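**Student:** Encoded as structure tokens, here's the structure I'll be asking about.
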Amino acid sequence: MEQHSGLETVIGGGNPEQADVHFNASIEFEKNGRRYEAVEELRQAASCGSNPEHMFRLAYLLDLVGEEQEAINIYEELTTRGQPHINALLNLSVIYEDRGNLNAAEKCLRQILDTDPTHKRARLYIVDVRSSTDMYYDEEIARDAAKTAAMMNTPVTDFELSVRARNCLKKMEIRTLGDLLKVSENELLSYKNFGETSLVEIKHMLTARGLRLGQAAENSQVSRVHQDRYDELLNHAPEQVLKQPVSSLNLSVRARKALQMLNIQTLGDLAIRTEAEMMGIKNFGSTSLVEINEGLQAFGLELRNLDD
């Protein structure tokens, strides 16, 4: 079967009568199970005019015969018109969901529900898409947690440290990266033979990974406070939104690194933080703060106010 881009097909001319002739011929072919011939007749119909029903039927049959990309091109053209084709939006949402493009699928369905909130099929489909979205986000969070756990269990001997620094850490029974994050600068410096040079060396190694000394101890102290804040936040925002990964915000590299330093993985983790906490991160400036605030607002969230 000859390949077509789809967009070439839908740029019709000005002969609606001839378009109807080809459309009727396609119906006869389809009745007899001759889908490929029906597709060719519908291509001819689309090239003679721009009847949305002709184009929709073409996209529908193209999807059935395996020409999915051409079908998508036509569906997308139909859904960007002044009056979007409802069935094209429905079918396009199904294809997007099958391809894992859940945001695009939900956008199509919302476009229907914005004009017809009671549309039964759109309401059923959007429940399925959101269920798939929750599953996807849960898996992503689980993967991130597994990566973090693996990194915390990395032996300090795997890092390029001097013999003196390694020996001191060994004598202090600091065996993993997670162990190292539990101690402060003062605790290291108080150990015999541990000097400023070794401290600078270790801090440099941690900073390169978005980490810092004492981080784990600080996190354990504030975890209860953050949990209380999160519980309060659940009264104002859906849990499925709070569980979305911060990658949904499409932040700049600098802002993403700042969130990594605080081990912020979801929108809920971020929304329980205050502006003061964010501004306290090294190299985190007002531009990054504005970026994060705007990203949260798109999801109906905001950084926690100290008065809350």
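**Student:** For the stretch 156-213, just the Cα set please: Rg and Dmax, both in angstrom.
**Tutor:** That works out to 10.0, 28 Å for Rg and Dmax.
**Student:** Here's a follow-up. So how do HIS22, HIS119 line up by other beta-carbon neighbours within 10 Å, fewest first?
**Tutor:** Numbers: HIS22 20, HIS119 17.
By the 10 Å Cβ count, ascending, the order reads HIS119, HIS22.
**Student:** Search the structure for amide H atoms under 5 Å from the amide H of THR266, placed 1.01 Å from N in the peptide plane, and list their residues when 5 or more places away or on another chain.
**Tutor:** VAL246
**Student:** Determine the alpha carbon to alpha carbon distance for each of LYS203/LYS257; LYS171/LYS203; LYS171/LYS257; LYS147/LYS170 and list only those over 26 Å.
**Tutor:** Details: LYS203/LYS257 16 Å; LYS171/LYS203 19 Å; LYS171/LYS257 32 Å; LYS147/LYS170 24 Å.
Flagged as over cut-off: LYS171/LYS257.
**Student:** Right, next: Quick one: net charge around ARG34, please, counting Lys, Arg +1 and Asp, Glu -1 for every other residue with C-beta under 12 Å from its C-beta.
**Tutor:** Working: positive: LYS31, ARG35; negative: GLU28, GLU30, GLU37, GLU40, GLU41.
Value of the local net charge: -3.
**Student:** Let me ask you something else. Note down the relative contact order for the stretch 33-115 as a percent, whole number, built from C-alpha pairs under 8 angstrom at least six residues apart.
**Tutor:** Numbers: 68 pairs, mean separation 15.3, N = 83.
So the answer I get is 18 percent.
**Student:** Another question, then. I'd like the Karplus ³J(HN,Hα) series for the stretch 44-54: coefficients 6.51, -1.76, 1.60, θ = phi - 60°, whole numbers in Hz, and an x wherever there's a Gly or Pro.
**Tutor:** 5, 4, 5, 6, 8, x, 9, 5, x, 5, 5
**Student:** Under 9 Å from the Cβ of ALA122, count the other residues' Cβ atoms, weight Lys and Arg +1, Asp and Glu -1, and hand me the total. It would help to have the intermediate numbers written out before the result.
**Tutor:** Numbers: positive: ARG110, LYS120, ARG121, ARG123; negative: ASP116.
Here the count lands on +3.
**Student:** Which net charge results for the neighbourhood of ASP98, defined as the other residues with beta-carbon distances under 11 angstrom from its beta-carbon, given Lys and Arg at +1 and Asp and Glu at -1? Mind dumping the intermediate values first?
**Tutor:** Numbers: positive: ARG99; negative: ASP63, GLU68, GLU97.
Computed value for this residue: -2.
**Student:** When CYS108, CYS168 are ordered from fewest to most other Cβ atoms inside 10 Å of their Cβ, what list results?
**Tutor:** Working: CYS108 26, CYS168 21.
Going from sparsest to densest Cβ surroundings: CYS168, CYS108.
**Student:** Scan around THR176 for amide H atoms under 5 Å from its own, H built in the peptide plane at 1.01 Å from N, and keep only partners 5 or more places away or cross-chain.
**Tutor:** VAL156
**Student:** Using only alpha carbon pairs under 8 Å that are at least six residues apart, calculate the relative contact order of the stretch 156-213 and give it in whole percent.
**Tutor:** On the way: 39 pairs, mean separation 22.0, N = 58.
Across the stretch 156-213, relative contact order equals 38 percent.
Where a number appears in this text, it was derived from the coordinates with a stated rule and is not lab data. Quick caveat: nothing in here was measured; it's all calculated off a predicted structure. Cβ sites come from the backbone with ideal geometry, for glycine too, and all protein chains shown count toward neighbours.
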